[in-house]
Structures are given as structure tokens and as C-alpha cells.
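Each value in this text was obtained by applying a stated rule to the coordinates, not by laboratory testing. The structure displayed is predicted, hence computed values, not measured ones. Because the Cβ atoms are built from the backbone with ideal geometry, glycine has one as well, and the counts that use them run over all protein chains shown.
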Amino acid sequence: MNSIQNVLDHIHLEEMKKEVKVPSNPITLMAKVYRDVFPVVHHELAMWKERAYHIPNDELHNQALASIEHKTFHCEGGGILALLADEHREECIRFIVAYQTISDYLDNLCDRSTSLDPNDFAALHESMLAALTPGSEGSNYYRYRDDQDDGGYLDELVTTCQEVLEKTKHYNKIAPILHELACYYCDLQIHKHVKLEEREERLKTWFAAHREKVPPMSWFEFSACAGSTLGIFCLVAYAFHDELTDDDIMKIRQGYFPYVQGLHILLDYFIDQEEDRIGGDLNFCSYYENKEATLERLQHFVIEAEKSLEQLPHMKFHRLISRGLLGIYLSDEKVSQQKEMQYMARRIVKYGGFTSRFFYWNGKMYRKKMAQ
């Protein structure tokens, strides 16, 4: 019986691949990204930036603009997954940019918080769950803070996400997993922004409640796995397909969470270590015993991420995403400014082979071009 099911699963995967053509090598991927993804991402961001200019409250105005100006690459990277939506690519990018903009904006508000009030952080992040729930009525997400008048900016971001989700063919099927991943993300944002002396204990207690749901890992690695939006974007892209089974959805969820999402955020923290040390900010990579332990665990996440993607349709595309993370993050100028980190980065890039090295040099050239 199992062998018959395996054959049926294989046939189903092959049918999905035929329906949607996505790049399966790094050169064709980046050509498509520069032509079909980045221009749409930049158009959407320009629209939200213009909208942010008109936010009445000075603090909200400043943080909204800063989140767009300094975190554009988050939307660019997330936007690549919209290629899975095929002819619905632009609509999918509309969702990804709006949702990632909410995430980056709220992260800025929490980072700059003076109250460090978990109730405030929880209220703000209600918007991320509302954005994934078409038809839900908004509330005053700023109710625990003095700065409140954003001129409807956050509500418009939420509504945009809801409108796109209503156009997908399988929202009801993906909704439970969307909410699961979003809850992990929101809980992390609450715990990691409270008073410094409370953060670690809160994160450890939170991990203890979920540790049976994930493979063996440390509390700070679990936190990293919770901190990515890639799984949400991938599910939304596939929800535009004509066919999407419950089995497909679970494979996508398990494909991205925990290991691909964990690798994503660990790399983000890896390149920010010096910056966070100077600023006194929490950094998950700083909890590793030493540099060798850091390299060993990052290699483990690379290997497990590869394994977790094997059952997905368009597996080669997803592997490009996973290996691309190594090259894209480690080509950041923050790495080149520190000799020791540069040495570690070169070792990590090798874990992903030619593909990661390609994205590494591509990332360097792209950043150089954008800086001109």
C-alpha cells in the first residue's frame, strides 16, 4: 500500500512541476529575479514609502520610513518566492511586500520602545495575525503607546494582505499553518524585546512549551526558526495554484520550518554580531560556545535544510533559496569589515557549494551597484 501511495505522490509532484515552470539553476533564477521580481518589489515599496511620508505622528513616520529604507533586501529576498505563483506573481509580491513591511515596521517600533511593555508588543503584532485573516476587523494596535496616529498606514498594510489572500484558491487550507507560523513569529517578537534581564528566561520558557514539536536544538536556535517569514510566503505562493493538497501543505510547512527558516535567521544574526554587541542587543549566535561550535551548528542547519526540502515540488528551486541564503547574507559588507568573520563566512559559503558561491559573488556585485 505504501509503495502505491509513494507512486501517487510522485505523480502528483510531477504534475505540479509541469504546471508551474520555475528556475532550477542560479543563473536563470537571478535573470528572472532581476527582470520579473525586483522591479515589482521596488514599485510596491515606493508606493508604501510614499504612504509612509504622510503619517502624521513624527515617531511612527520616522520608523515607517526607516524600515523601508534600511530593510529593502528583506522584501527583495521574500519576493523571489513569488515566482512559485506563476502568472499570479505580481499579486503574490503585493502580499509579500505588505506583510514584510508590517514585520519590519513593527520590529523598528519594538526596537525603539522606551516602555519595553510586552502588552504593547503583543497589541502591535495582532496586526500580523489580522493580515492573515481576511474579513477580520482591525483594532487599535497602538493602544498601549503614546504615539498612535499613523493616518491609517498599518490598517492599509493589513487590508492589502487580506485582499490578496482572498484571491488565492486555497486560503482555507493554508490558514491554520499560516497562523501557526505567524504565532511563532509574534511570540518571538514579544519575548525578545522586553527588558534585557527578562528576555532570556522568557525565551527559554517559551521554548520549553514547544520543544517536543521540533528536532533537538537549543532554545536560541528555536527562536531563530520562529523569526522568519519565508514559510508564510511560500504557502501563499502555492495557494494560487489550481491544485494544492493537505499533504502538499504539510510538506511545505516541514520543508521550511524549522530548518530553512532557522538557517535564514541564524545567518542574519551571524552578520550582526558585532553591531549587536556594541548596541547591547540580543544576538542568538552569541550563545554558541565558540566559533567552531557556531560553524558546526550552521553546517548542521545547512544539511538539515537540504534534507527537509527533498519532498517538495520544485525541489531544485527551493534548494536554490536555501543555498542562496548563505551567499546573500555572507556577501554583506558587515562581513568584509571584519577579518575573522570573513574567514568564517568563506567556510560557511563552502557548505552550499557552487550555488552559494555564485550567490555570494552576485550579492557583492548587486550591493556594489546599488551603492553607486
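Okay, helix-only estimate at 222 nm for the chain: each DSSP H run of n ≥ 4 adds -39500 (n - 2.57), divide by all residues, round to 500 deg cm²/dmol; what do you get?
-23000 deg cm²/dmol
Using alpha-carbon pairs under 8 Å, 6+ residues apart, how would you state the relative contact order of the stretch 250-322 in percent?
Result for the stretch 250-322 is 44 percent.
Just to confirm the filter: which GluC sites (Glu not before Pro) across the stretch 124-181 are DSSP coil and have at most 16 other Cβ within 10 angstrom of their Cβ?
Filter output for the stretch 124-181: GLU137.
Below 13 angstrom from the Cβ of PRO56, what's the summed charge of the other residues (Lys, Arg +1; Asp, Glu -1)?
-4
Can you pull out the GluC sites (Glu not before Pro) in the stretch 269-372 whose DSSP state is coil and whose Cβ has at most 16 other Cβ atoms within 10 Å?
In loop regions of the stretch 269-372 (DSSP not H, G, I, E or B), the sparsely surrounded GluC sites (Glu not before Pro) are GLU289, GLU310.
GluC sites (Glu not before Pro) within the stretch 182-248: which are DSSP loop residues with at most 16 other Cβ atoms inside 10 Å?
GLU243
Can you give the translational diffusion coefficient of the stretch 70-177 in µm²/s, computed by Stokes-Einstein from the Kirkwood radius over Cα pairs at 20 °C and 1.002 mPa s?
Estimated diffusion coefficient is 145 µm²/s.
Quick check: from the Cα gyration tensor, does the stretch 23-371 come out rounded (a/c under 1.5), prolate or oblate?
Judged from the Cα gyration tensor, the stretch 23-371 comes out rounded (a/c under 1.5).
Below 8 Å between Cα atoms, with a sequence gap of 6+, how large is the relative contact order for the stretch 120-242 in percent?
Relative contact order, the stretch 120-242: 30 percent.
Given LYS173/LYS251; LYS291/LYS316; LYS251/LYS350, which pairs have Cα atoms separated by over 21 Å?
LYS291/LYS316; LYS251/LYS350
Which whole-Hz ³J(HN,Hα) couplings does the stretch 278-285 yield from phi under the Karplus relation 6.51 cos²θ - 1.76 cosθ + 1.60, θ = phi - 60°, glycine and proline marked x?
Per-residue couplings from phi come out as 5, x, x, 8, 5, 9, 5, 5 Hz.
If eta is 1.002 mPa s and T is 20 °C, what Stokes-Einstein diffusion coefficient results for the stretch 139-286, Kirkwood Rh from Cα pairs, in µm²/s?
For the chosen part, D equals 125 µm²/s.
How far is it, in nm, from the label point at LEU196 to the one at LEU116 when both lie 7 Å from their Cα along the line to the Cβ?
Each label point lies 7 Å from its Cα, and together they span 0.8 nm.
Taking other Cβ within 10 Å of each residue's Cβ, how do PHE257, PHE220, PHE359 sort, fewest first?
With the fewest neighbours first, PHE257, PHE220, PHE359 line up as PHE220, PHE257, PHE359.
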